[in-house]
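The values are calculated or read from the model by the stated rules, or taken from the named source; none is laboratory data. Treat the numbers as computed from the prediction; the structure is a model and nothing was measured. Here the Cβ positions follow ideal geometry from the backbone for every residue, glycine too, while neighbour counts run over all protein chains shown. Each accessible area value is taken on the protein alone, full model and side chains, heavy atoms only, with ligands, DNA and RNA left out. Shrake-Rupley method; radii C 1.70, N 1.55, O 1.52, S 1.80 Å.
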Amino acid sequence: MMEKVNYAEIVHRCFRCGYCKFPSDYSEINCPSYAKYRFETYFSGGRMWLIRAWMNNEIEWSEHLGEIMYSCSTCRNCVEHCVFKFNEQLVDVFIAARSDMVERGQVPKKVGEFFSNLAKFGNPWGYAARRLEWVGRDYANNEFLLHAGCVATYDDRAKRSLKALLELLDAVGVDYGVFSDEICEGNEAMVMGEFGLFEQLMEQNRRRFEERGVKKVLTPDPHAFNAFKNYYGMDAVHHTQLLWNLVNNGELKVRRVKEKLTYHDPCFLGRWNGVYKEPRKLLSRIGSLYEMPRNRKDSFCCGGGSGNFYTDYLGGKDSPARIRVKEAAETAEILVTSCPVCLMMLDNAVSDEGLELEVRDISEVVLEALKS
Amino acid sequence: MRCQKFRGVVEMYEELKAIVGEENVSKEPEELYIYSSDPGTMPPVKPDYVVMPKTTEEVQKIVLLANKHKVPVVPMGGALSLSGLVRPLRGGIVVDMKRMDRIIEVNERARYAVVEAGVSEGRLKAYLDKKYPSLRISTPDAPPIATVTANALIHGSGRLSQIYGFHSEMVTGMEVVLPTGEVCRVGSCSVSPYWFSRSPLPDLAGLFIGWFGRTGIVTKLGIKLFPKHRYRDVMIFVTENPSYVSDVIWKVAHTEMAEDITVWAQPKPEWAEGFQHTTIYVTADSEEELEFKEKIIRNALMDYIKQKEGGFLYLTPAMKAMFLQEPMSQLVRFADVRKGGGFEYVGAILPVDLFDVAYQRGLEIVERLGVDWAFSIRIIGRSHCMMFAYAYPFNRADEEDVERARKALHETNKAVLEMGGIPWKAEAPAQQLILESMDEGAKRLIKSVIEMLDPNGVMNPGNWEVK
Ligand SMILES: Cc1cc2nc3c(=O)[nH]c(=O)nc-3n(C[C@H](O)[C@H](O)[C@H](O)COP(=O)(O)OP(=O)(O)OC[C@H]3O[C@@H](n4cnc5c(N)ncnc54)[C@H](O)[C@@H]3O)c2cc1C
Ligand code: SF4
Ligand code: SF4
């Protein structure tokens with residue numbers, strides 16, 4: 001069973017002071033859901049107070065309450081910037097409250113769809129197709145199992161970045177294989193509070209890993225990386241780490257690209273798992289890296305986490321992704337990220353905003369540097 | 001007809017939607033719940049609607065609509081004054097101003113900024129740090145989402161108040177939506193394109209400062225900026241006798257070498273118990289200047305040091321960093337003393353001379369009521385007065401504990417008035433205590449001003465209510 005934080009002991013300790021709305025220098029609103037909605041209900045403090053009110057029957061569950069709870073992308077900006085001692089538990093509180101809501105059957109419609117598709121089809125969209133046959137490298141006692149994750153498998157833009165990664169791995173001869181019938185690792189189910197579903201997916205995956213002797217997982221998806229590393233307790237490697245190692249030890253020879261680069265930290269890689277250096281070292285080797293004002297622990301979430309890439313509670317004209325790409329366009333010519341969810345969200349936002357900016361996964365940039 | 005407790009009407013929701021757009025108005029229980037209270041002890045009062053305008057025109061339309069339906073309107077900034085001032089005492093529309101967040105102008109040479117009412121202290125500070133590194137605001141130690149406008153309007157104070165006074169004195173002009181819906185400008189901006197000063201005109205700003213939104217909604221504010229120096233340091237002078245403190249403050253202020261002077265006293269941690277800590281901030285443009293200023297301050301207090309009645313505390317780099325942070329985020333953690341997410345304070349505006357009396361009265365109250373406490377004092381002007389905060393933490397999950405804090409606050413408010421001071425940003429009941437002590441002529445004037453500006457009684461009724 002997943003450990004659930006006892007939020008009844010924590011929620012009343014939130015002062016609703018709003019430190020958690022900001023990055024370190026207070027320059028902008030850094031909670032993506034508050035940036036979009038601007039009602040006091042949509043930031044960490046508002047959620048803490050609403051959870052308490054719901055727990056004490058001062059307000060009833062409603063579709064609106066559900067949307068407020070699920071528009072939190074679990075980006076952990078609040079964890080980073082809340083000045084109280086319980087800061088580390090904030091996102092755990094939201095996850096636990098969602099889980100209690102799930103247990104009572106209280107989830108907003110779109111979230112319900114997400115769960116039922118995941119349960120029935122192993123992916124949020126309900127696609128029936130098998131997933132990674134096209135790769136043509138079924139896992140057979142390789143060094144790595146390459147786990148693509150749902151978004152890189154099904155979203156066209158993210159799929160292109162997966163192909164770039166495979167090309168790179170092949171170029172150096174990394175020993176990997178895939179499960180052509182890969183199933184979701186369940187990170188989103190977990191952070192969305194569907195612990196039962198997450199455990200079921202983890203169980204299925206673990207069984208398959210055991211049967212086929214998987215020891216190490218390589219993934220371009222920080223969400224999956226998070227689940228494998230922290231919940232499955234596996235040896236997990238994110239592609240930024242592997243690529244940096246390959247470049248650093250000379251196995252991948254890269255030249256420099258001429259465009260100005262900037263890097264968007266995916267929340268599940270950065271704030272959740274502290275991987276900030278490798279992508280930066282890699283990009284600095286390839287080109288000129290310019291930081292956006294909000295970077296590393298202060299990075300501004302694309303608004304896709306915690307199922308929001310599907311539920312779209314953080315979409316629309318004031319979406320965090322649209323705010324983020326404007327920030328990137330003021331900084332550089334290419335916005336690089338290292339997460340299929342961020343890639344999809346930011347790429348769509350660039351089209352919506354009609355910007356010149358290019359959005360690329362880090363593997364696409366490395367591939368270009370390799371070829372040029 | 002005067003505005004009485006209002007219950008929402010369906011058509012009004014549609015009208016509000018037409019003004020601000022559907023996504024910026026709510027009548028959902030979740031928003032009404034959150035906007036019914038602030039983090040302090042005052043009991044919740046639910047609004048009927050919450051709206052978030054983006055422009056002055058939208059604010060104007062909201063106020064006109066409120067007049068049409070005789071519905072109260074309550075402006076809100078960061079909701080951090082802690083004394084329940086943004087609760088809609090008679091229901092109605094809470095207007096969250098924070099979407100109006102443009103920094104309109106910084107005039108570097110005339111040292112002022114013009115901001116929309118929703119611009120937060122944090123954002124203006126960050127903006128200046130980045131774009132105008134030689135300029136600064138007088139940052140209050142409130143959490144950074146507090147708005148520059150509301151802070152100035154309630155007579156806030158901050159890091160430069162010892163030199164330049166209350167933040168209300170730093171206001172150079174404003175744009176206001178009057179309770180009748182008319183828009184007007186006060187200060188130099190009413191005559192000129194520049195927002196440099198309130199003088200030499202009739203000082204109409206006084207009609208909106210200190211009124212808790214009872215006389216209009218300020219939509220834009222001109223605020224003074226000040227030189228930012230390269231070096232900043234902090235010294236803490238410790239005494240064990242509160243009767244010395246007003247003299248310590250007087251002497252330090254007399255040197256005119258300190259930028260900010262605060263005093264704090266609290267029973268926890270143990271090493272701090274029984275002592276008064278006078279925190280002195282010094283700024284300079286060179287190390288020599290800093291050394292010189294610090295030396296003059298030390299000399300001013302030499303008698304205390306020689307007589308072993310006081311001394312400077314050794315500060316580790318970590319302690320220095322904590323005290324030099326703006327705003328000092330450590331302060332907010334006081335809300336966790338009782339592991340219950342709450343504190344509120346009576347901010348007593350008092351002559352500095354009354355420090356000892358104020359200190360002893362505070363101790364008497366906390367000992368009698370058995371509440372946790374901290375006293376935190378900021379000097380305003382060259383010891384012209386002080387804001388003496390009697391802060392009481394509480395556990396919001398324990399109603400008895402909240403009630404204890406409420407009682408301590410109420411008793412402190414009364415004691416402050418007895419001592420000859422005035423509670424700052426007073427809760428509605430404390431406003432009544434102030435009015436009870438107020439000169440009859442002043443009360444009549446307050447009443448007439450409200451009736452003249454707000455014939456329908458729609459602007460934040462329940463505040464400064466002269467019975
Ligand atoms: C830890 C902590 C430390 C603090 N330290 C300080 C400090 O050092 N100095 C200090 O001054 N304060 C301090 N405060 C108190 C308070 O937080 C600040 O004064 C804060 O700036 C108030 O601003 P706000 O935007 O939160 O105002 P709100 O609470 O939102 O509003 C205050 C009042 O102004 C009215 N109002 C709001 N906007 C408008 C408008 N546009 N037009 C007309 N009326 C309006 C409201 O109706 C209300 O009556 C502190 C608070 C805390 C919690
Ligand atoms: S979560 Fe922390 S920082 Fe945010 S409002 Fe609550 S106490 Fe303040
Ligand atoms: S995790 Fe991110 S989206 Fe959720 S409340 Fe915290 S800052 Fe906001």
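Only a single item in (1) more than 9 Å from chain B (Cβ to nearest Cβ); (2) within 21 Å of A:GLY315 (Cβ to Cβ); (3) within 16 Å of ligand 2 (Cβ to nearest atom); (4) surrounded by fewer than 24 Cβ atoms within 10 Å (Cβ to Cβ) is not met by A:ARG38, and it is number (1). So which pairs qualify, if the first residue must be in region B:142-158 and open to solvent by less than 10 Å² (accessible area, probe 1.4 Å), the second must be within 6 Å of ligand 1 (Cβ to nearest atom) and not in a loop (DSSP other than H, G, I, E, B), the Cβ gap must be under 6 Å, and the two must be at least 6 apart or on different chains? Close Cβ pairs (under 6 Å, with a partner that is within 6 Å of ligand 1 (Cβ to nearest atom) and not in a loop (DSSP other than H, G, I, E, B)) amount to B:THR149/B:VAL218.
Checking B:GLY84, B:GLY78, B:GLY118 one by one, the residue that is open to solvent by less than 10 Å² (accessible area, probe 1.4 Å), of a type in the set (Gly, Ala, Ser), within 11 Å of chain A (Cβ to nearest Cβ) and touching a residue at least 40 places away in the same chain (Cβ under 8 Å) is B:GLY118 and no other.
Number of residues in region B:98-115 that are within 14 Å of chain A (Cβ to nearest Cβ) and either open to solvent by less than 10 Å² (accessible area, probe 1.4 Å) or aromatic (Phe, Trp, Tyr) (or both) equals 2.
Can you list the strands (runs of 3 or more DSSP E) found entirely within region B:314-429 that contain at least 1 residues being within 13 Å of ligand 1 (Cβ to nearest atom), of a type in the set (A, V, I, L, M) and in contact with a helix residue (DSSP H, G or I) (Cβ under 7 Å, 6 or more places away or on another chain)?
B:341-350, B:374-380, B:385-395
Of B:ASP129, B:ASP141, all but one fail to be within 16 Å of ligand 2 (Cβ to nearest atom) and either away from chain A (no Cβ under 14 Å) or touching a strand residue (DSSP E or B) at 6+ places or on another chain (Cβ under 9 Å) (or both); the exception is B:ASP141. Against the list (1) in contact with an Asp or Glu (Cβ under 8 Å, 6 or more places away or on another chain); (2) facing chain B (nearest Cβ under 8 Å); (3) farther than 20 Å from B:GLY77 by Cα, the condition A:GLU60 fails is (1). Here A:TRP54 fits the description: assigned to a helix (DSSP H, G or I) and over 18 Å from the mean Cα position of the chain (by Cα). Being part of a loop (DSSP other than H, G, I, E, B) and either open to solvent by less than 10 Å² (accessible area, probe 1.4 Å) or more than 16 Å from ligand 2 (Cβ to nearest atom) (or both) holds for only one residue in A:VAL275, A:VAL247, A:VAL237, and it is A:VAL275.
Candidates are the residues of region B:27-58 that are over 23 Å from the mean Cα position of the chain (by Cα) and assigned to a helix (DSSP H, G or I); the one that is surrounded by the fewest Cβ atoms within 10 Å (Cβ to Cβ) is B:GLU57. Run down A:TRP49, A:TRP54 and say which single residue is facing chain B (nearest Cβ under 7 Å) and open to solvent by less than 30 Å² (accessible area, probe 1.4 Å). Result of the check over A:TRP49, A:TRP54: A:TRP49. Of all residues in region A:347-369, none are outside any helix (DSSP H, G or I), of a type in the set (Gly, Ala, Ser) and in contact with a Ser or Thr (Cβ under 8 Å, 6 or more places away or on another chain).
Number of residues in region B:410-431 that are under 24 Å from B:VAL74 (Cβ atoms), surrounded by 19 or more Cβ atoms within 10 Å (Cβ to Cβ) and in contact with a Pro (Cβ under 9 Å, 6 or more places away or on another chain) equals 3.
Within region A:11-26, the set of residues being more than 7 Å from chain B (Cβ to nearest Cβ), farther than 10 Å from A:PHE43 by Cβ and open to solvent by 10 Å² or more (accessible area, probe 1.4 Å) comprises just one member, A:SER24. When A:ASN142 is evaluated against the numbered criteria (1) part of a helix (DSSP H, G or I); (2) open to solvent by 10 Å² or more (accessible area, probe 1.4 Å); (3) touching a Phe, Trp or Tyr at 6+ places or on another chain (Cβ under 8 Å), which criterion, by number, is the only one it fails? So the condition that A:ASN142 fails would be (1). Among the residues making up region B:322-346, those that are in contact (Cβ under 8 Å) with a residue 40 or more places away in the chain and farther than 18 Å from A:ARG16 by Cβ are B:PHE323, B:LEU324, B:GLU326, B:MET328, B:VAL346. Could you tell me whether any residue of region A:73-83 is away from ligand 2 (no atom under 16 Å from the Cβ), open to solvent by less than 30 Å² (accessible area, probe 1.4 Å) and in a loop (DSSP other than H, G, I, E, B)? Looking for residues that are away from ligand 2 (no atom under 16 Å from the Cβ), open to solvent by less than 30 Å² (accessible area, probe 1.4 Å) and in a loop (DSSP other than H, G, I, E, B), one finds none in region A:73-83, hence no.
All of (1) over 14 Å from B:ILE34 (Cα atoms); (2) assigned to a helix (DSSP H, G or I); (3) within 16 Å of ligand 3 (Cβ to nearest atom) hold for A:TYR26 with one exception: (2).
Against the test of being over 22 Å from the mean Cα position of the chain (by Cα) and of a type in the set (A, V, I, L, M), the options B:ALA391, B:ALA405, B:ALA428, B:ALA397 yield a single qualifying residue, B:ALA397.
The condition of being out of contact with any strand residue (DSSP E or B) (no Cβ under 6 Å at 6 or more places or on another chain) and open to solvent by 10 Å² or more (accessible area, probe 1.4 Å) holds for only one of A:TYR310, A:TYR290, that being A:TYR310. Pairs meeting the criteria (first residue in region B:24-38 and more than 7 Å from chain A (Cβ to nearest Cβ), second residue modelled with pLDDT under 95 and surrounded by fewer than 20 Cβ atoms within 10 Å (Cβ to Cβ), beta carbons under 9 Å, at least 6 apart or on different chains) are B:LYS27/B:GLY8. Among residues of region B:284-318 being hydrophobic (A, V, I, L, M, F, W, C) and open to solvent by 50 Å² or more (accessible area, probe 1.4 Å), the one that is farthest from B:ARG230 (Cα to Cα) is B:ILE305. Per this entry, B:VAL94 is not counted among residues that are more than 14 Å from chain A (Cβ to nearest Cβ), among the hydrophobic types (A, V, I, L, M, F, W, C) and under 17 Å from B:LEU178 (Cα atoms). Scanning region B:133-148 for residues that are touching a helix residue (DSSP H, G or I) at 6+ places or on another chain (Cβ under 9 Å), more than 7 Å from ligand 1 (Cβ to nearest atom) and of a type outside the set (Gly, Ala, Ser) yields B:LEU135, B:ARG136, B:ILE137, B:THR139, B:PRO144, B:ILE145, B:VAL148.
Are any of the residues in region B:331-348 open to solvent by 30 Å² or more (accessible area, probe 1.4 Å) and more than 14 Å from chain A (Cβ to nearest Cβ)? Taking every residue of region B:331-348 in turn, none turns out to be open to solvent by 30 Å² or more (accessible area, probe 1.4 Å) and more than 14 Å from chain A (Cβ to nearest Cβ). Scanning region B:61-75 for residues that are open to solvent by 10 Å² or more (accessible area, probe 1.4 Å) and either of a type in the set (Ser, Thr, Tyr) or in contact with an Asp or Glu (Cβ under 8 Å, 6 or more places away or on another chain) (or both) turns up just one, B:LEU65.
Figure legend. Inter-residue proximity from region A:18-29: first residues over 8 Å from B:ALA126 (Cβ atoms) and of a type in the set (Ser, Thr, Tyr), second residues more than 16 Å from ligand 1 (Cβ to nearest atom) and modelled with pLDDT of 95 or more, beta-carbon distance below 8 Å, spacing 6+ or different chains. Indicated pairs: A:SER24/A:LYS297; A:SER24/A:ASP298.
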